[in-house]
Structures are given as C-alpha cells and as structure tokens.
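This report refers to the structure that appears directly beneath it.
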Amino acid sequence: MTATLDIARHNANAPTLAADAAPGADDHQPLIGLSRPALAEALAGLGIPDRQIRMRSGQLWSWLYGRGLTDFAAMTNISKDLRLALGAAFTLARPEILTEQVSSDGTRKWLLRFPGKTPGEAPVDVETVYIPEHDRGTLCVSSQVGCTLTCRFCHTGTQPLVRNLTAGEIVGQILLARDRLGDWPGAERPAEGHVPDAERAVSNIVLMGMGEPLYNFDHVRDAMAIATDGEGLSLSKRRITLSTSGVVPMIPRAGAEMGVMLAISLHAVRDDLRNELVPLNKKYPIADLLAACRAYPGLSNARRITFEYVMLKGVNDSVADAKELVRLLKGIPAKINLIPFNPWPGSPYECSDWETIEAFGDIVNRAGYASPIRTPRGRDIMAACGQLKSDSERVPAWKKRRAGAGEAH
C-alpha cells in the first residue's frame, strides 16, 4: 500500500531552509556543503585565531557529517561562547520536506524545497528517492532543478532547467535522508516503511535523480568530496555512481577529479535513434561517447562502467539491437542494466514485453556481460527511473526585473 507520511514532526523539530532563510536573505551563512578550506575561511571570518582554525574545523566537520547535528548547542567539545557565535553567524538547516511518500515496495520519495539563492528569488523543489534492499540502501540524488536535456523517455526531461543545485543542496539531500532513516550514531530507525537491516541505511549514492550531473560539474564534484571524506559521511567512491547522458568532454574530468563509478545513459545502438531518444547525441555521437568510456581513468574489470538501456517496445528492443550493443561495447569492462520503461503521463513509449527483455538479456549475457534486469521500484509513487519531476519553473530575467521594480514602488 502506498503511504504519504506525516512530516509535520520533522518540519517542527528540525531547522529547514525555508524561503525566509535563503542565503543572502539574512545574516546566516550555510555551512553544509562548504569544502574544508572554505569552512576554515568561514571560521576565520568569525574571528577564530589562526592557531585554532584547523582544530575547530575538524570538530565542526565531525559534528556535521559524522554525527549529523543540526544544532550548535549540542556540540559539547566547543565552548558555549563559540557555540553562540556560530549559531548567530551560520545555519545548519536541512531542506524543507513538502511531501514524503512510501511505496508499497518500501521505496521512499521526498519532495524537497530549497530557498532562492538571492533575496526575492523563488524557492525551488526537487525530488530525492531512497531504495531499500535487504542488505543495502541506495539514495538517488538530484543535481539540478529540472534538466537541460530533453530525453524523450524521461519525465524529468519535460521540465526545463531552472537552475543548478549547490554543493550544499546536494549534500543536504544525503543528510536529510540519513535524518529520516535514523542513520546517525545512536539514532533510532523509523518504525514506518522498510529500512535495511545493515550498519548503514544509506550505503550507496546514485547521481541519477533530476538533472545532468556533468552540466553541474563543480558543485557535484565538491558535494561528492564531502560524501567520500573519511572523517565525515565516509562513503566509498565505489559506492557512488554518476550517471550521464554523455557529456563527452567532462567524462575524463569526472574520473580524474571525482573517481566515482560511471554509468552511461545509452538506450540506443544507432545514432539516428539515439538522436531521437537522447538529443545530446547530436553533439556527442555514440562513437565519441564510447571512446571517452574506453579512456575513463581507473577503468578495469573491478571498476566497470554501467551502461543503462531502457527497454522501449518496438523501438530499441530487437535481437539485432542486442547484437549490435554487444559489438559496440567490445573491449570495455562493462555491466549492462536493462531498465523496463517506467511510464509517466503523456509518455510516448510503452515498456517492452517481459519475454522480449529476457531474450535481449540472454544475448548480452552469452556475450559475457552481466546484464541484470532492473526491478522497477516505486512506480506507484512516480519514484521509478525516469519518473522524477517537480513543478518549479525558471522565471525569465525580464519578469524578475519587473517584480523588482514593482517592489521598489
């Protein structure tokens, strides 16, 4: 049974990034998402002596990302006067939860609100999804509000790009999920919904939510540096997967500067069809994309690239397509995820028949590639792959100017 949980308790007890607390709207600077050097700089600006900066930065980092605190007053190894000064200058606020839904299969979807980045700028909403399994939990994180791409099979692609998320907003999704799942030392796991019987409720991160991560490279890179920091969230780079539709020039940088696992949203084996399904292919065709994959830093049998292939009935699911996929990927250490298409209102495609998907997978398997068929999760709450979308819209610059002029009068 699908459930929408009561989130009043969370919003009452946890500080949130409400619209009236937007960066620039008051004097409280967000600390979540700052790199270690930026955190040190922020503390120096508070007047903390140089000789204490490293120690104080380490203490704060541990409280923020090791224990998940949202209140400076609870940081017991910091003096009371400094805690008061920190509280007066900075915020540890989480995104606001607008809705929280739990699927019949245990998948959770949060609709989260972030304030505008400047005074008067409208807040924006994104979706974040948590997928529990018996031995692990995967958090699907968004990197943009909307998407700059227009992949025809993807619901997010029908929402034009509003803006990039900041590193703090990306990390904030992880922190909020850990809050809600009781995933901090000493915290209790929630009674409602399914949470894995494992040491960590959030053990894996996939950058497969709203947006194209490589078109928000700097913020995604900085957020993943925090996620993998050994003195904080401490997630293994091998448990983080970045999915791209094929921004070829950024793929080598992703390997060199992030070192996370790579997934390619492929979905077609011919340029004419991929041009239709993934219009970015017109700029970076399949041959260029696969060349970048072959050169991905650290690529090996232990660090394989995942190729995602959504199964569209009568479009890309033939025996010939399966054989061509095997030919194209020859020599690339790879895993191929076959994804049954998840429908959404107005979608132009249907999911391939199960027998067709299995036959396609058999061909790929016989060629020596692992080709798991991804079990659809969260379909009943529109949380499955390709179904995420929010109602946020980009406000044209002329409207912002007109609104500003109106407020001036």
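The values are calculated or read from the model by the stated rules, or taken from the named source; none is laboratory data. Everything numeric in this text was worked out from a predicted model, so none of it was measured. Counting neighbours? That spans all protein chains shown, and the Cβs are built from the backbone with ideal geometry, glycine included.
Answer yes or no as to whether Arg239 is in contact (Cβ under 8 Å) with a residue 40 or more places away in the chain and either among the basic types (Lys, Arg) or over 15 Å from Ser142 (Cβ atoms) (or both).
Values: in contact (Cβ under 8 Å) with a residue 40 or more places away in the chain: no; either among the basic types (Lys, Arg) or over 15 Å from Ser142 (Cβ atoms) (or both): yes.
In short, no.
Is it the case, given these coordinates, that Glu188 is free of Cβ contacts under 8 Å to residues at least 24 places away in the same chain and either part of a helix (DSSP H, G or I) or more than 14 Å from the chain's Cα centre (by Cα) (or both)?
Here the answer is yes, as Glu188 does meet what is asked.
Any residue in region 215-238 that is assigned by TED's automatic domain parsing to the domain that holds Asp288, in contact with a Cys (Cβ under 7 Å, 6 or more places away or on another chain) and crowded, with 23+ Cβ neighbours inside 10 Å?
Within region 215-238 (the criterion being assigned by TED's automatic domain parsing to the domain that holds Asp288, in contact with a Cys (Cβ under 7 Å, 6 or more places away or on another chain) and crowded, with 23+ Cβ neighbours inside 10 Å), the answer is no, since none of the residues qualifies.
Return yes when Leu82 is outside any loop (DSSP other than H, G, I, E, B), crowded, with 16+ Cβ neighbours inside 10 Å and at pLDDT below 95 and no when it is not. Step through it out loud before you land on a result.
Working: outside any loop (DSSP other than H, G, I, E, B): yes; crowded, with 16+ Cβ neighbours inside 10 Å: yes; at pLDDT below 95: yes.
So Leu82 passes the test.
What are the pairs with Cβ atoms under 6 angstrom where one residue, in region 257-284, is of a type in the set (Lys, Arg) and the other, located anywhere, is surrounded by fewer than 18 Cβ atoms within 10 Å (Cβ to Cβ)? Sequence gap at least six, or different chains.
Listed by first residue and then by second, the contacts come to Lys282/Asn275.
With respect to Phe341, determine if the residue is under 26 Å from the mean Cα position of the chain (by Cα), buried (at least 16 other Cβ atoms within 10 Å of the Cβ) and in contact (Cβ under 8 Å) with a residue 12 or more places away in the chain.
Details: under 26 Å from the mean Cα position of the chain (by Cα): yes; buried (at least 16 other Cβ atoms within 10 Å of the Cβ): yes; in contact (Cβ under 8 Å) with a residue 12 or more places away in the chain: yes.
Against the criterion (under 26 Å from the mean Cα position of the chain (by Cα), buried (at least 16 other Cβ atoms within 10 Å of the Cβ) and in contact (Cβ under 8 Å) with a residue 12 or more places away in the chain), Phe341 qualifies.
Can you confirm whether Tyr284 is in a loop (DSSP other than H, G, I, E, B) and either modelled with pLDDT of 95 or more or among the small types (Gly, Ala, Ser) (or both)?
The answer is yes for Tyr284.
Restricting to region 129-154, and then to whatever is touching a Ser or Thr at 6+ places or on another chain (Cβ under 6 Å) and not in a loop (DSSP other than H, G, I, E, B), can you tell me which residue is surrounded by the most Cβ atoms within 10 Å (Cβ to Cβ)?
Ranking the candidates gives Cys147 first.
Given Val202, Val206, Val162, Val195, which one is in contact (Cβ under 8 Å) with a residue 12 or more places away in the chain and either among the acidic types (Asp, Glu) or surrounded by 23 or more Cβ atoms within 10 Å (Cβ to Cβ) (or both)?
Values: Val206 fails: either among the acidic types (Asp, Glu) or surrounded by 23 or more Cβ atoms within 10 Å (Cβ to Cβ) (or both); Val162 fails: either among the acidic types (Asp, Glu) or surrounded by 23 or more Cβ atoms within 10 Å (Cβ to Cβ) (or both); Val195 fails: either among the acidic types (Asp, Glu) or surrounded by 23 or more Cβ atoms within 10 Å (Cβ to Cβ) (or both).
None of the other options fit; the residue is Val202.
Could you please find all residues in region 242-256 being in contact (Cβ under 8 Å) with a residue 40 or more places away in the chain and either among the β-branched types (Val, Ile, Thr) or within 25 Å of Glu199 (Cα to Cα) (or both)?
Selection gives Val248, Ile251.
Which count do you get for residues in region 21-76 that are assigned to a helix (DSSP H, G or I), under 26 Å from the mean Cα position of the chain (by Cα), at pLDDT below 95 and exposed (fewer than 15 other Cβ atoms within 10 Å of the Cβ)?
Residues meeting the conditions: 0.
Of Leu69, Leu111, Leu60, which residue is touching a Leu at 6+ places or on another chain (Cβ under 6 Å), aliphatic (A, V, I, L, M) and under 24 Å from Leu165 (Cβ atoms)? It would help to see each step written out before you state the result.
Working: Leu69 fails: touching a Leu at 6+ places or on another chain (Cβ under 6 Å); Leu60 fails: touching a Leu at 6+ places or on another chain (Cβ under 6 Å).
Residue meeting the stated conditions: Leu111.
Filter region 256-276 for residues that are out of contact with any helix residue (DSSP H, G or I) (no Cβ under 7 Å at 6 or more places or on another chain) and within 18 Å of Glu308 (Cβ to Cβ) and give the result.
Ala263, Ser265, Leu266, Arg270, Leu273, Glu276
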